[in-house]
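One structure below.
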Amino acid sequence: MTPARPPRRTPDKSRTGLLLPLLLSLAACTSVPLPPWPAPGGTPKAPPVAAPAPSAAPAAIAQPVPVRPGMVIAPPAAEAPYSAAVAARFPAPSIIYNTPGLQEGRSSFTSNAEIQTWLRDLTAEASRSPGLKAAVLPMGQSQRGEALEALVLTRAAGADAAALAASGRPTVLLIGQQHGDEPAGSEALLVIARELTQGLLRPMLERINVIIVPRANPDGAAVGQRVTAGGLDMNRDHLLLNTPEAQALARLTRDYRPTVVVDAHEYTVVGRFLQKFGAIQKYDALLQYATTANVPEFVTKAAEEWFRRPLLTALRTQGLSAEWYYTTSTDLADKKVSMGGTQPDTGRNVNGLKNTVSLLIETRGVGIGRLHLQRRVHTHVSAISSVLASTAQRAGDLGQLKPYVEKELSTMACKEEAVVEAGPTLGQQELIMLDPVTGGDRAIRVEWNSALTLRKLKTRVRPCGYWLSAGSKTAVERLRLHGVQVLRVAEPGSMLGDIYRETSRAAGARQDVRGAIADAGQIVRTEVALVRGVVDAPTGSYYVPLNQPLSNLVIAALEPDTQSSYFANQLIDSLDNVARVMSEPALRAEDLP
Ligand SMILES: [Zn+2]
């Protein structure tokens, strides 16, 4: 079977000024057959790659540091928010890691300046290895002016986006510490960076490229707070892109087009869980892939079969426990437990809408300071190593998957159904927690919001595209930061469309499964009716075609009657500024420069 070529996401200059129907026809017509799905562990259909695939679960992950007698690898038990019996359930790993923040006697985590030095030391070290490219990529600045940086590691001809694309190897993007009070992911990514450059993970670079953002929220990390300096939770900002920190990650993803994205976090161990259930959280790792409306089925299947299952095995091999990611509301009366949210706002979900295999890894860490820190880092290092190995092993399959999915999405415009809003399904789940006194396992049955089966709350036929008014500059700028193709209308025209008529409106706050999202502004909650009519498109207004790979992200942003939309969050200030275009328009339009 011949794999379909991916539609280009970068503007093609030769199209400029073409009549739109011609442009639209480029990606329209024939339905693309689904690729054969290899049996788990079966032979990939992709052409053989010269380098041997590394084993899915490397026996040794990092170069061990000798444990000297008297070495302090954990803080005194007196600092623990629970009994010594509970603490004893989490022995230090057999491997000891040594980033700046993990050094003996140290009381603070690796500082922002130390991370910068670490990345530069690794690039200097890599420059002595023939064929290995390591570069620190400036991504912008945080709200307080800290450098946002990524480390690119590759055996491509260069470390720029074009060189990585030309290498034919899949790129994995690893993101740490979007939440400033979740340090283990960041420390683990420094270990991973070192092991890829000069250690035991180095053979991986024969088959994959890796980009590491060790600390996505340096301002939050500097003061140990979850949110960014201005009070916004950047991990609810990946569709809207109001923060420079989320913008920097969107730009990086747009330019380097990763196939796999890992988002490293930590979760609350005591706090509201202890208050609600009288128990301590047990699992070393909580895991979840993208679970939001319209994520292509094959992307989810790849995340489950090629990544999550080997990851569970890798953790088990290291004696570490795992469960689906879950959290609970800050309302102590609400004892429901929910898997990670279904809204298209987190990095996990928005990267799923970008057709990447998007994986959230959380270790037990929030609220316990430096307690069990080596074990938390070890959990992240073990999990991320497994993801790297899975990507290397499935490089050929992944290289086929994304073009198929993107081609398929391009053919769905104008006809197939899109889910505008979806929610989790309520059921029950047994979780193992720990008795706070004895440290023994305690099985607790909870009301459980599963994000694995989505309930459709609102569906609509996919339009051919969306029209946006000339004044919608902010929305256009944010869509383009994501890599969405937006066309500018070059001559006045008109199109058959659905106009949104407001049927109700209320002010509200954006919610996630924890409660109201840390957010500066109120949202506009609206209900709409669709009215068929003619949409006038003056020169300078915009057309966003849906026959493009990011069509699902466009739907999440532009259908106005959801809490995550650009309208609800006032990036589009009136329903008159957006319309659904319901037949292929005959417009003269051009790509934006
Ligand atoms: Zn987090």
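Restricting the first member to the range 223-241 and to residues that are closer than 15 Å to E182 by Cα, and the second to residues that are of a type in the set (S, T, Y) and not in a helix (DSSP H, G or I), the beta-carbon pairs closer than 7 Å and six or more apart or on different chains are T228/T243; M234/T228; M234/T243; N235/T346. Scanning the range 102-117 for residues that are under 30 Å from Q247 (Cβ atoms), open to solvent by 40 Å² or more (accessible area, probe 1.4 Å) and not acidic (D, E) gives S108, F109, S111, A113, Q116, T117. Residues in the range 372-384 that are open to solvent by 10 Å² or more (accessible area, probe 1.4 Å) and either farther than 22 Å from L201 by Cα or within 13 Å of the ligand (Cβ to nearest atom) (or both): H372 only.
Per the conditions (1) at pLDDT 95 or above; (2) of a type in the set (S, T, Y); (3) open to solvent by 30 Å² or more (accessible area, probe 1.4 Å), the sole criterion not satisfied by T99 is (3).
For G347, the conditions (1) in contact (Cβ under 8 Å) with a residue 60 or more places away in the chain; (2) within 24 Å of E559 (Cα to Cα); (3) open to solvent by 10 Å² or more (accessible area, probe 1.4 Å) are fulfilled apart from (3). Just give me the residues in the range 220-232 being open to solvent by less than 10 Å² (accessible area, probe 1.4 Å) and either assigned to a loop (DSSP other than H, G, I, E, B) or more than 14 Å from the ligand (Cβ to nearest atom) (or both), in sequence order. Of everything in the range 220-232, just one residue is open to solvent by less than 10 Å² (accessible area, probe 1.4 Å) and either assigned to a loop (DSSP other than H, G, I, E, B) or more than 14 Å from the ligand (Cβ to nearest atom) (or both), namely T228.
Inspect all residues belonging to the range 200-219 and state whether any of them is out of contact with any helix residue (DSSP H, G or I) (no Cβ under 7 Å at 6 or more places or on another chain) and at positive phi. Looking through the range 200-219, none of the residues is out of contact with any helix residue (DSSP H, G or I) (no Cβ under 7 Å at 6 or more places or on another chain) and at positive phi. Scanning the range 315-333 finds one or more residues that are part of a helix (DSSP H, G or I), away from the ligand (no atom under 14 Å from the Cβ) and surrounded by 22 or more Cβ atoms within 10 Å (Cβ to Cβ). Cβ-Cβ contacts under 7 Å between residues 6 or more apart (or on different chains), taken from a first residue in the range 202-213 that is among the charged types (D, E, K, R) to a second residue that is open to solvent by less than 10 Å² (accessible area, probe 1.4 Å), are listed as R202/L196; R207/A392. For the range 481-534, a residue qualifies if it is of a type in the set (A, V, I, L, M, F, W, C), in contact (Cβ under 8 Å) with a residue 60 or more places away in the chain and within 23 Å of D345 (Cβ to Cβ), and the qualifying residues are L481, V484, V486, V513, I517, A518, A520. Which residues, taken from the range 239-267, are assigned to a strand (DSSP E or B) and within 16 Å of the ligand (Cβ to nearest atom)? Matches in the range 239-267: V261, V262, D263, A264, H265, E266, Y267.
With respect to the stated conditions, E182 fails to be away from the ligand (no atom under 16 Å from the Cβ), among the charged types (D, E, K, R) and touching a residue at least 24 places away in the same chain (Cβ under 8 Å). No other residue among L252, L274, L286 is surrounded by fewer than 24 Cβ atoms within 10 Å (Cβ to Cβ) and in contact with a Phe, Trp or Tyr (Cβ under 6 Å, 6 or more places away or on another chain) apart from L286.
Residues checked against (1) among the β-branched types (V, I, T); (2) closer than 20 Å to S469 by Cα:
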{"position": "I517", "(1), (2)": "yes, no"}
{"position": "S541", "(1), (2)": "no, yes"}
{"position": "N552", "(1), (2)": "no, no"}
{"position": "A568", "(1), (2)": "no, yes"}
{"position": "L571", "(1), (2)": "no, yes"}
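For the condition over 30 Å from A568 (Cβ atoms), open to solvent by 30 Å² or more (accessible area, probe 1.4 Å) and among the acidic types (D, E), E206 qualifies. Among residues of the range 165-179 being among the polar types (S, T, N, Q) and more than 12 Å from the ligand (Cβ to nearest atom), the one that is least open to solvent (accessible area, probe 1.4 Å) is T171.
Does the range 186-198 contain at least one residue that is more than 17 Å from Y256 (Cα to Cα), at pLDDT below 95 and either surrounded by fewer than 24 Cβ atoms within 10 Å (Cβ to Cβ) or within 16 Å of the ligand (Cβ to nearest atom) (or both)? Checking the range 186-198: at least one residue is more than 17 Å from Y256 (Cα to Cα), at pLDDT below 95 and either surrounded by fewer than 24 Cβ atoms within 10 Å (Cβ to Cβ) or within 16 Å of the ligand (Cβ to nearest atom) (or both).
Of all residues in the range 399-410, none are surrounded by 20 or more Cβ atoms within 10 Å (Cβ to Cβ) and touching a strand residue (DSSP E or B) at 6+ places or on another chain (Cβ under 8 Å).
The values are calculated or read from the model by the stated rules, or taken from the named source; none is laboratory data. No experiment lies behind these values; they were computed from the predicted model shown. Here Cβ is always computed from backbone atoms with ideal geometry, including for glycine, and neighbour counts include all displayed protein chains. Quick note on the areas: whole protein, heavy atoms, side chains included, nothing else; ligands and nucleic acids left out. Shrake-Rupley method; radii C 1.70, N 1.55, O 1.52, S 1.80 Å.
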